[in-house]
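These notes concern the structure reproduced below.
The values are calculated or read from the model by the stated rules, or taken from the named source; none is laboratory data. What you see is a predicted model; the values in this text were computed from it and never measured. Don't worry about glycine lacking a Cβ; one is built from the backbone with ideal geometry, like all the others, and counts go over all protein chains shown. For accessibility, only protein heavy atoms count, side chains too; no ligands or nucleic acids. Shrake-Rupley method; radii C 1.70, N 1.55, O 1.52, S 1.80 Å.
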Amino acid sequence: MSTIQFELKNSIGYVALNRPEKLNAFNREMALELQDRLLACDEEESLRVVVLTGMGRAFSAGQDLSEFSTTARPDFETVIGETYNPIIRLLKTIRKPVICAVNGIAAGAGANVALACDIVVAASSASFIQAFSKIGLIPDSAGTFFLPRLIGLQKATALMMLGEKVTAAEAEKMGMIYACYEDGELENKTNQLAEKLASMPTTALYLTRKALMESSSNSLEEQLELEKKLQAKAGQTRDFVEGVSSFLEKRNPLFTGK
Ligand code: T3D
């Protein structure tokens, strides 16, 4: 049984963490399978949006703690270098937008993998916990990068130090996630978002993320130069020609992602 479920439907790649009996906690196998799946999604030309979610009642409880031993120290540098860091890099370099549909609790690395996605939506019964401090660890999986940028340094510091649970509604209010939906609505609303993104100019969406990712470390001058360079690339796409043509011809655009 695969630790990752996958289905490609209507140009949307549905990727589901599949260890429900362990609340989709990441063991090495699942982390490596997720990397392979994201790489395959990047390569698959017909795929224009990725939806990441979890099977069962949780999104992910983070690192599978049963992989740790109480007698031997884990080699975190190797583990993180081979599992979580490549996942976060892939989420930020894949050439398609990634929606995370958080269907239940997202704890530790599970929360931070979710927050690394482009658009994060959650069921109202879902919650987020920076659980690391409870077991004597520091937040990883780029949590210390994304969370303060999303909700500000003060709130991020408190949530990470205290390890408090944040409900999906609170997460939406503080800007941690894009939207919180009623439990029964999550699937429909996620599909609507995914279908919309799948009909948009895929390369422009990818280049938008690229520009945003560099905006917090670039100077204004550097960012202006980057926007100029990336706009030149967007201008080379067939979707740009289609966008302008459809506007001038007063019709809806038919973007192909090319
Ligand atoms: O290099 C590295 O690997 C370091 C990187 C670390 C990154 C991290 O993610 S550190 C943080 C790890 N995660 C946690 O500390 C969270 C641990 N889990 C919990 O605190 C709770 O399970 C939850 C708050 C997530 C959910 O609570 P609840 O009451 O809804 O469920 P439960 O009863 O605690 O869990 C259900 C089952 O899932 C249970 O198994 P059982 O007793 O039915 O056989 C539980 O042991 C299992 N489970 C939950 N989380 C984990 C887990 N098993 C292994 N690892 C887990 N993280």
With the structure loaded, tell me whether S124 is surrounded by fewer than 17 Cβ atoms within 10 Å (Cβ to Cβ) and at pLDDT below 95 or whether it fails that test. no
Which numbered condition trips up E43, out of (1) under 18 Å from R89 (Cβ atoms); (2) open to solvent by 80 Å² or more (accessible area, probe 1.4 Å); (3) within 15 Å of the ligand (Cβ to nearest atom)? (3)
What number of residues within the range 20-50 satisfy the criterion of being in contact (Cβ under 8 Å) with a residue 60 or more places away in the chain and in contact with a strand residue (DSSP E or B) (Cβ under 7 Å, 6 or more places away or on another chain)? 5
Being outside the structural domain of V49 (by TED's automatic domain parsing) and either open to solvent by less than 50 Å² (accessible area, probe 1.4 Å) or assigned to a loop (DSSP other than H, G, I, E, B) (or both): is that true of L207 here? yes
Enumerate the pairs (first residue in the range 1-19 and more than 16 Å from C100 (Cβ to Cβ); second residue anywhere and of a type in the set (V, I, T)) with beta-carbon separation below 6 Å, excluding pairs fewer than 6 apart on the same chain, so at least 6 apart or on different chains. R19/T3
Here are some conditions: (1) more than 8 Å from the ligand (Cβ to nearest atom); (2) surrounded by fewer than 19 Cβ atoms within 10 Å (Cβ to Cβ); (3) closer than 20 Å to S2 by Cα. R57 meets all but one. Which one does it not meet? (1)
Suppose the filter is open to solvent by 30 Å² or more (accessible area, probe 1.4 Å) and closer than 30 Å to A169 by Cβ; does I80 pass it? no
Would you check which residues across the range 98-109 are open to solvent by less than 10 Å² (accessible area, probe 1.4 Å) and touching an Asp or Glu at 6+ places or on another chain (Cβ under 9 Å) and list them? V98, I99, C100, A101, G108, A109
Taking into account only those residues within the range 60-94 that are within 8 Å of the ligand (Cβ to nearest atom) and of a type in the set (D, E, K, R), which is modelled with the lowest pLDDT? E67
List the residue pairs whose Cβ atoms are under 9 Å apart, where the first residue sits in the range 149-166 and is under 14 Å from N112 (Cα atoms), the second is modelled with pLDDT of 95 or more and among the basic types (K, R), and the two are 6 or more positions apart or on different chains. A156/R149; G163/K134
Would you list the strands (runs of 3 or more DSSP E) that sit entirely within the range 1-95 and hold 2 or more residues that are among the β-branched types (V, I, T)? 12-17, 49-54
Residues of the range 113-143 being over 24 Å from L38 (Cα atoms) and either part of a strand (DSSP E or B) or hydroxyl-bearing (S, T, Y) (or both), which ones? S124, S125, S127, I129, S133
Can you say whether N112 is of a type outside the set (D, E), within 12 Å of the ligand (Cβ to nearest atom), touching a Ser or Thr at 6+ places or on another chain (Cβ under 6 Å) and open to solvent by less than 40 Å² (accessible area, probe 1.4 Å), as far as the supplied structure shows? yes
When the range 231-258 is checked residue by residue, the ones that are touching a helix residue (DSSP H, G or I) at 6+ places or on another chain (Cβ under 7 Å), open to solvent by less than 100 Å² (accessible area, probe 1.4 Å) and in a loop (DSSP other than H, G, I, E, B) are T237, P253, F255, T256, G257, K258
What is the residue count in the range 240-252 for residues that are farther than 20 Å from L47 by Cβ and in contact (Cβ under 8 Å) with a residue 12 or more places away in the chain? 2
Residues located in the range 4-26, provided they are closer than 11 Å to S60 by Cβ and touching an Asp or Glu at 6+ places or on another chain (Cβ under 7 Å): K22, A25, F26
Taking the stated definitions as given, is L162 surrounded by 20 or more Cβ atoms within 10 Å (Cβ to Cβ), at negative phi and not β-branched (V, I, T)? no
